[in-house]
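Student: Shown below is the structure under consideration.
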Amino acid sequence: MAWFGGSRRWWAIGVGTAMVAALTEPLMPALMKPLLDRGFTQGQLALWMVPAFIILLFAVRGVAQFVSQYALARIANEGMQRLRRVLFDRLLVAELGLFSRQSASALSNTVVYEVQTGGVLLVQALLGVSRDGFTVIALLFYLLYLNWKLTLVVALLVPGTAWIMKVLSKRLYRLTRLGQEATDELAYVVEENVLAHRMVRLHGAQAGQSERFERLSHSLNRLAVKSTIASAAMTPLTQLFAAVALSIVVMIALWQSGEQGLTVGGFVAYITAMLMLIAPIRRLADMANPITRGLAALERGLGLIDDTASETEGAFEIARANGHIELRNVRVAYREDAAPALDGLTLTVRPGEVVALVGPSGSGKTTLVNLLPRFVLPTSGQVLLDGQDVAGWKLSSLRAQFALVSQDVVMLNDTLAANVALGQAIDRERVQRCVEAANLAAHVAGLPQGIDTVLGHNATQLSGGQRQRLAIARALYRDAPVLLLDEATSALDTESERLVQEALQRLMQGRTTLIVAHRLTTIQHADRIVVMDHGHIVEQGSHAQLMAADGLYARLQTHTPMPASEPQAEPVDT
């Protein structure tokens with residue numbers, strides 16, 4: 001609850017006014033005794049006194065309840081804002097293994113919805129507990145004042161009620177956690193089918209996916225029903241205990257009225273206070289449900305903070321590296337029971353050199369590239385940039401040395417200018433120059449707001465080739481000394497590939513460049529071609545040298561895939 005600490009002033013106001021509202025509760029039954037004993041029978045009360053007292057009482061109670069609810073709602077909203085910000089910031093620096101262990105839908109559900117649900121439920125429960133708790137205390141003191149013997153009889157029933165609430169709360173907590181996990185699984189099915197909608201439709205897999213969704217939905221529904229049963233059972237059981245207590249009190253009170261001369265006003269005042277006590281006790285019993293659900297929801301968010309380690313980094317930093325890359329006996333194993341992605345690999349790339357990495361799928365090319373900005377950590381060996389192990393670099397400084405253009409272009413739902421200048425201040429003239437250098441100026445000129453056009457989800461207004469060129473414009477804007485090209489020209493038609501290649505030639509000038517490519521026609525003019533297989537370097541040299549060697553590169557050359565047609569942009573709702 002530290003995240004909902006808020007200011008002490010608002011806590012004091014919220015709890016204080018809740019106490020004031022609670023203290024007004026016993027005043028209504030307290031009015032019954034003089035009203036019945038003296039007002040009706042003896043006529044000792046002025047006509048205006050009772051209405052004035054009732055109006056004043058409800059006015060004070062209403063103002064106190066309003067202020068209390070406002071104060072605690074403000075604490076809840078500010079607390080949720082702080083916690084969401086901390087969770088999101090933790091995602092931005094979390095060790096990368098988190099994103100392979102948890103789906104995007106589960107993480108977004110935790111950060112956005114679980115925190116919202118947990119915070120609202122807990123603070124609302126706190127408001128109810130403070131208001132009803134103080135009300136119960138105030139009424140109990142009044143009952144003790146009226147008749148302490150009867151009140152002690154009522155108190156004997158409290159342990160039984162507490163035990164039932166404890167048992168049902170434990171079951172409700174367990175069912176809530178299972179429900180959260182089932183919700184994550186259901187959300188993941190939706191996420192998968194949204195991302196793979198074309199493949200699902202192409203293969204006619206809708207029926208199977210619908211059955212999968214229905215199966216998980218049915219499981220979630222069963223858990224929801226069990227949770228409802230556990231929650232709903234608290235109220236009738238609490239009311240049953242209250243009814244038993246009330247029956248015993250009425251019986252003893254009737255006996256006392258005959259034996260000890262209990263007045264009608266005193267009896268009515270006691271019964272009224274007793275009846276008023278039932279409602280807040282029932283609400284307190286009902287609080288077990290939102291408290292349990294709120295704690296379970298917040299626990300996931302707090303667990304993400306406590307159990308997720310941040311990326312490790314060193315202290316070395318430099319404004320701009322020379323671009324000298326060295327890998328020394330590097331081994332990368334994603335799983336102990338599988339063959340390593342890289343196995344004792346050693347490679348040196350000189351500043352300004354263009355090195356192409358080729359080889360069959362699964363040979364370790366992308367893993368090698370991901371080692372440099374520390375998206376992958378070596379199991380053993382060293383990865384050095386300008387002679388400094390990348391593990392000793394400050395991450396922000398290390399990653400500032402790299403620009404990446406990959407096959408899977410990722411764009412944010414923001415303006416074109418913001419996507420080009422991602423992570424840096426937007427210089428409009430510089431954005432325009434980068435767009436022109438990426439052979440994208442003609443298309444940008446035709447957009448409704450030019451570089452201020454919002455691109456939508458992953459730039460769906462652009463074709464595949466245009467997205468690739470926009471990624472090149474982003475890399476140009478970044479102006480990093482090392483360029484990483486991971487299948488940057490795949491799945492493009494001939495014309496789009498020509499435009500992208502022209503833009504890439506401008507981008508590579510004066511930069512150390514590593515190119516991962518399956519289309520070997522795109523890397524024949526590289527300074528050096530490194531051929532990889534099963535995590536090892538098996539050949540390296542120029543195109544002519546490797547063709548003359550008649551090894552793996554020459555065999556791959558004969559199986560170079562033909563250019564594919566350019567994918568069309570998806571329609572955008574307007």
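Student: For Val454 and Ala338, compute 0.36 nm times the residue count separating them, minus their Cα-Cα distance, and round to one decimal in nm.
Tutor: Values: separation 116, 0.36 × 116 = 41.76 nm, distance 4.38 nm.
Roughly 37.4 nm would be gained on extension.
Student: Any chance you could list P(r) for region 334-438, counting all Cα-Cα pairs in 5 angstrom bins from zero, rounded to whole %?
Tutor: 2, 9, 16, 19, 17, 15, 12, 7, 3, 1, 0
Student: So, in nm, how far is label Trp255 from label Glu214 when the simple model puts each one 7 Å beyond its Cα toward the Cβ?
Tutor: About 6.3 nm, to one decimal.
Student: Same structure again: So for the pair Arg171, Thr312, with labels modelled 7 Å out along Cα→Cβ, what separation do we get in nm?
Tutor: 4.7 nm
Student: Please list, in chain and number order, the residues 5+ apart from Val354 or on another chain whose amide H is under 5 Å from its amide H, with Hs placed from the backbone.
Tutor: For Val354, the qualifying residues are Thr513, Asp527, Arg528.
Student: Here's another thing I want to ask about it. Is region 308-389 rounded, prolate or oblate when judged by the Cα gyration tensor, a ≥ b ≥ c being the square roots of its eigenvalues, rounded requiring a/c under 1.5 and prolate requiring a/b larger than b/c? Walk me through the numbers on the way to the answer.
Tutor: On the way: a/c = 2.07, a/b = 1.19, b/c = 1.73.
Judged from the Cα gyration tensor, region 308-389 comes out oblate (a/c at least 1.5, b/c at or above a/b).
Student: Find how much the distance from Met547 to Phe99 grows on full extension, using 0.36 nm per residue of separation minus their present alpha carbon separation; answer in nm with one decimal. Spell out each step's value before the answer.
Tutor: Values: separation 448, 0.36 × 448 = 161.28 nm, distance 4.08 nm.
Additional length available on full extension: 157.2 nm.
Student: Related question: Which residues' amide hydrogens lie under 5 Å from the amide hydrogen of Val538, considering only partners 5 or more residues apart or on another chain, with H built in the peptide plane?
Tutor: Amide H neighbours of Val538: Val531, Met532, Asp533.
Student: Could you run the Karplus curve 6.51 cos²θ - 1.76 cosθ + 1.60 with θ = phi - 60° over region 77-87 and give me ³J(HN,Hα) per residue in whole Hz, x for Gly and Pro?
Tutor: With coefficients 6.51, -1.76 and 1.60, one gets 5, 5, x, 5, 4, 5, 5, 4, 5, 5, 5 Hz.
Student: Taking a cut-off of 30 Å between Cα atoms, list the lysines near Lys226, but don't count ones fewer than 8 places away on the same chain.
Tutor: Partners within reach: Lys166, Lys170.
Student: Report ³J(HN,Hα) in whole Hz for each residue of region 458-475, in order, from the Karplus equation J = 6.51 cos²θ - 1.76 cosθ + 1.60 where θ = phi - 60°; Gly and Pro get x.
Tutor: Using θ = phi - 60°, the values come out as 6, 6, 5, 6, 10, 6, x, x, 5, 5, 4, 5, 5, 5, 5, 4, 4, 5 Hz.
Computed from the coordinates by the stated procedures, all read-outs in this text should not be read as laboratory data. All of these numbers come straight from a predicted model, not from anything done at the bench. All Cβ positions, glycine included, derive from the backbone under ideal geometry; neighbour counts span all protein chains shown.
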